[in-house]
1. Can you list the HN-Hα couplings for the range 119-135, worked out from phi with the Karplus curve (6.51, -1.76, 1.60; θ = phi - 60°), rounded to whole Hz and with x for Gly and Pro?
2. Not counting ligands, DNA or RNA, and with a 1.4 Å probe, what is Ser905's accessible surface area in Å² rounded to the nearest 10?
3. Please compare each pair in Lys416/Lys696; Lys342/Lys696; Lys416/Lys721; Lys978/Lys1259; Lys537/Lys721; Lys137/Lys416 to a cut-off of 22 Å on the Cα-Cα distance and tell me which ones are over it.
4. Please give the residues of the range 711-730, grouped as numeric ranges, whose backbone N is less than 14 Å from a label point set 7 Å along the Cα-to-Cβ vector of Ala202.
5. Highest mean first, how do 82-89, 279-286, 650-657 rank when packing is the count of other Cβ atoms within 10 Å averaged over residues?
6. Ordered by packing density, taken as the mean number of other Cβ atoms within 10 Å over each peptide's residues, highest first, how do 839-847, 121-129, 254-262, 1014-1022 rank?
7. What order do you get for 354-361, 95-102 when each peptide is scored by the mean count of other beta carbon atoms within 10 Å, highest first?
8. Cα centroids of the range 379-428 and the range 199-246: how far apart, whole angstrom?
Amino acid sequence: MPVNKVHPDRKDSRDEDEEDLSSIEKGGFVGWVHSHPWISAAFLLFLALAVIVIAVTVPICTVHGCPSRGNVAPSVDLAPGAPRLILNYLNSSINALDLIPPILQSYITNLILNSSAIQVLNFQTESVLQEALTFLKAEPSLNFLTRDFNMSNYYPNITDYNSSSLANLSASSAESVLQSILNQIQAAGAGKKRRNILQAAAINDPFYVNSSQYYVDLVNASGAWKVSAGTSSIVVAVVDSGLDLNHPDIQPNLWINTKEIPGNGIDDDHNGYIDDIYGYNFAGVCDQYDIFGNCIGCTGTSMPWGDSSVDPSYFHGTHVAGIAGAVQNNGLGITGISPGIKLMILRVSDCISGNIAASTVFQAFDYALKNGAHIVSCSFTPSTYAYGFIALQPAPSYHAAWTSAYVTAMQPLANKGILAVVAAGNDDMNLDTLLHYGWSYCPCLVQLPNVLCVGGTDALNQPAFFSNTGSSTVHLGSPAMQIYSTLYVNNSGVISHTYGPLNGTSMATPIVTGSAAMTLGLLGAANGDYYQAVQVKNLLMSSATVPPSPLPFISQSRVNPGLSLLQTTAHLKTVLSTLSPLYNASALPASSLSFQGMLESYYVTTGNQFYGNIVGQPVDVSLRNISSPSYPANFSTFKYSSGYIVSFTALVQYNVSGVWGVQVQTAANSLTTFVFVNGQNVPINSTTQQGIFTAKSTGWYSLELRIAFPQSNIRYSLLMKSPRATVYSSYYNFQSNSTSFFTFPDYVQNAQLSGVWQAFYNKINTAVSPITVSTVAASTPSSQYQYTTTFTEPSSVTVPLSTLFLPGDSAAATTTTAVVGLMQTYLLPTPSTIWTSPMIFTVTCAGCQLQVDGVTVIDIYEPILINLPGTVLTKSSPCLTLTQNQPHQLILRFAISALSLSKLSIQYASCTAAAGSSSPLSPVRFIIYSPLVWQPETSVFQYTGAAFIGGLQCDVYQSNAALQTLAFSAQVSTPIYKFRIPLCPGETINATCNTAWSFALETFLPGLNAGTPVGVTYGVRCWTTWNRGFTSGSMSVLPASASPTAYLGGLQIYGPGINKLAPNMSLLNSMYQLLSVDWFNVTAASTLSVYDNKAIVPVDLVTMRLPITGLGGSSGNSLMNGSALLGAYGACTVTAYPTSTDIVGLISNNLTAALAQMGTPLPAAYDGVDGLDIAYSYPRISGSKVRYTQAAGYYFTSGFGVQTIQVSDVNATSTLVVMGNVTVRNAPTPFSSEAAPSSSTFQIYTPSGVNIYTNVISKTARSDGKTYFDFNTVSVGPWDWYQWGCTVYGNTLSGK
């Protein structure tokens, strides 16, 4: 684009004439020909064509008649130029060739552009053109007719810039110019801002890092990247001079025509172009030569390379494309403004001199429209000086035809919604003036709503000295000086992919193009419509930055893509998430279990396949392993289909704020898929299968994918795109958490009694009842089972599984015999255990599910294989992170067919070991424990987690304020009375005494009935571990009015509506299982009975063993129940004085209330003494009122095995002893004074060298107010200082 004066390359035509005459004089005609070969060739060609014209014209006039002068069509003013016409008829069905006599048609070619109905006619000679012109303009529907005209994309000379705003830009080198610009940016305060943005963005492209690309942060493109960096869904057609197709900073972002097979010479997609892979080259190959072999005509070719041999600005298109969409964060060169887009390359410069003809531009527009471009970028303007341009005079009439041609060519783009971003030009002119005088300065002056004309600005947001302006014609400003981008150099065929700065509105245009692409990508992702030219144009103009001195453009401003994207997110507020992150950015919410993957939950739905709401609880929950490229978020197998909704949920850490994209790729109907982020629905466009949402800050977000009526023969792929990503991709860091911490049922004491699994199962005949997908899932703790047994680990058993599960059953060895059920055990990860978290489990079976804290982490079910004898599969869980010092439940639900041939194995490994060792798996028996089943003598020796005593423990709880006992917990509620049965004089560990499980509370707590206020009721829990089962699985509990419930081995076997859920056969051998029975709202006189198949269950000391838990090692570290600090050895006591009638509040295992009365710690006068065999007393409040004194401490066991303990009461005293949670010695007279002294012994079985938490409660009514404690361990002696360690809630009391 020349400056507004005589072009410096032009010569005066008179000088050329003088040279011609001189040549003739010196060498005659022959000499003149030798000295002017080009002109000579043209002259000879002209003579030959003249002959042709005469030969053609005479017959035409003879046959058709020459048009009479009275019928001459209106004059059409054609500009000088090539014999090529561009025309358009309002009647689009007319083919211009049909209007021309056939004898001329053979000298003419016609190209019709379908989108605009523009026709391009190429004539072999100007004479043929003139002869045909008469017929062409005679058609009444003629819209316009003009000679093809050239465009220009030249650069202004930066050294011409002498503005005072950049006075130091006089240096000729680009480096000096660039440094001057950067200095001014820093002086204006932009430098600091840029460094902050750079630090936050962490972009590694060198010329961005070293500030060569100053314009990126100047226009706030880096701010836009915080929202979105563009998307590959946006295709930008770069209409220019071609490209270095192998430039490493551009090549990955090239648009690829996937419908075309490269290099096969076939138009595979039938779009009219052969092998158009990256776009097209519309005039890049010579197809016409003169008699001397010189090219005089160009045609198209598939590869849109730039051509340095003919085009002095061959790198122009490469530079423009790089600005708009070069690759980001590849460590090379530059970053594009919108690095996520795809670039369609349309070369429109010709093969002769690099000229850009309007006809090729129109072809490019047509191609862009037909092949999916969303934006066209045009960094060129008309070659005004080539046509006698005089700005302040009315334009020649052919300019109106030029404008009409451009309007007609670009109208289809406007109709489609394709944005055209065009350069304002470098002529330092006011385009408003040109428009006024009728000059065609297109495409900038095309008055269509989709056209966005871009003027140039400098580093200080002032108009660039060369830029055209126009307050009613140029829409927006953009940096145009020293714009660093991609280049290439061709040295004798050797291509160098380089970089450098250029100047001009050609460079300003792709900055706006990239900004538009990011804005459009965000708009389109919301609704799938990527043809929103007017909306994008309005957003760019309304969000642009107005400098202190408004710019001479329509918007008076400079582009600001950062603000444009913020305005776009506001515009899309109805579809974007406005919720804050659910969780802290650095940590997941507290939970029992977390893992990599997604929870897979199935819900029954009453809606159709387009209904995504879920109601109620899931019928099946498991874990999908999504943790690496080997396990992406692809779903193609489902347990349930029609009538179900599957929900995949996880937590995702969005570490970049901004607009994220989510895509569900599937061949299924997209209306059957639903995505939720933080519980808010993200609409998924049914065409693009994409949706967007805003992460306003970094952190953890919940993500859910729902699929209605999932189809197992179709894949559903969940993809995501971060604000800075350019394409959607698989995401692997899905984190899932269990919904709550696992806790034991309130009847279970958390103690390490054994390291076994307890199994509950049924025997089935697969010939009658084949195993199906629901067979395994149907095995729950509430199901009824025929069998129960225990084992350390199935894989450690050397006998066949038939012998393990069905010993002595002749049918067990048949291939049709299967067992279906569950086995359960527990984990307690602590820092000192031999395994570390995270960990994985590996299971081998025919059909099974491994659940951790209720979450299915391994699911093995293959319909084809599960009923085949001996066929097993092995699967592993993802890495599981288990909360330490917290119990975790393992349940293995199984369906095992052909027992004698099958296999069942459960192993584990730490995740680090699994990654770094060839055989890291270990048997799971090393890390499991069970509080539900045990073998008392073996467990005491092996696990030292409990001592034991025989019998049945009964705990009595007080009713609430409403005089009801609704629920209670052995771990958190404190019973007010405790007793153990049977009562055996001189009790030994294996005494044969017994009693019936049918009694009233008054029997063992005499005086309770008389002392209970009217209306007060009690709740009772009686529990033990039992080495028997219920005959035929039948049991009952009375009275029914007490709403009794019963539990055996962790399963509820009795309760309201449940009266026969106990296993028929208990294959426990020497193992004992937990048995617990509860009654509610009973009186002291209510008879509490338990029946085994209509017979009262006997209570004895041998078949029933009570684990005494809450042990501490000699160092004071508790095994299960937290830290149990041991203080100095000695006694620790406190006395309470209840009112004489307060029977309910007489006894408490809790010192809180008493300590509140006495003070904490106790006064020095009440420090402990040499043991509990020494008598001491506390002052009485009045008279001889009954008082209760409690001593709490730790009894130290000096040896392993049976310990015999003797307790003696003096007159008017009664002593209760509780170890752990078990009453080892009942109070002889809990509520009345005993007349005479008494003594009794009992035996406990203990580990060696542990401390047993012990409570001693002594009632006394002695008149002297003294309380006596008299304890000794038979064969050892009295409990002295070394046997009694004392601490009360962490406050240590010192003793001697």
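The values are calculated or read from the model by the stated rules, or taken from the named source; none is laboratory data. Because the structure is predicted, anything quoted here is derived from the model rather than measured. FYI the Cβ positions are ideal-geometry reconstructions off the backbone, even for glycines, and counts take in every protein chain you see. The accessibility values were calculated without ligands, DNA or RNA, using every heavy atom of the protein model including side chains. Shrake-Rupley method; radii C 1.70, N 1.55, O 1.52, S 1.80 Å.
1. Coupling constants for the range 119-135: 10, 10, 9, 9, 10, 5, 9, 5, 5, 5, 4, 5, 5, 6, 4, 4, 6 Hz.
2. Per-residue accessible area (Ser905): approximately 10 Å².
3. Lys416/Lys696; Lys342/Lys696; Lys416/Lys721; Lys537/Lys721; Lys137/Lys416
4. Backbone N within reach: 723-725.
5. The peptides rank, most packed first, as 279-286, 82-89, 650-657.
6. 839-847, 121-129, 1014-1022, 254-262
7. 354-361, 95-102
8. Distance between centres, Cα-based: 29 Å.
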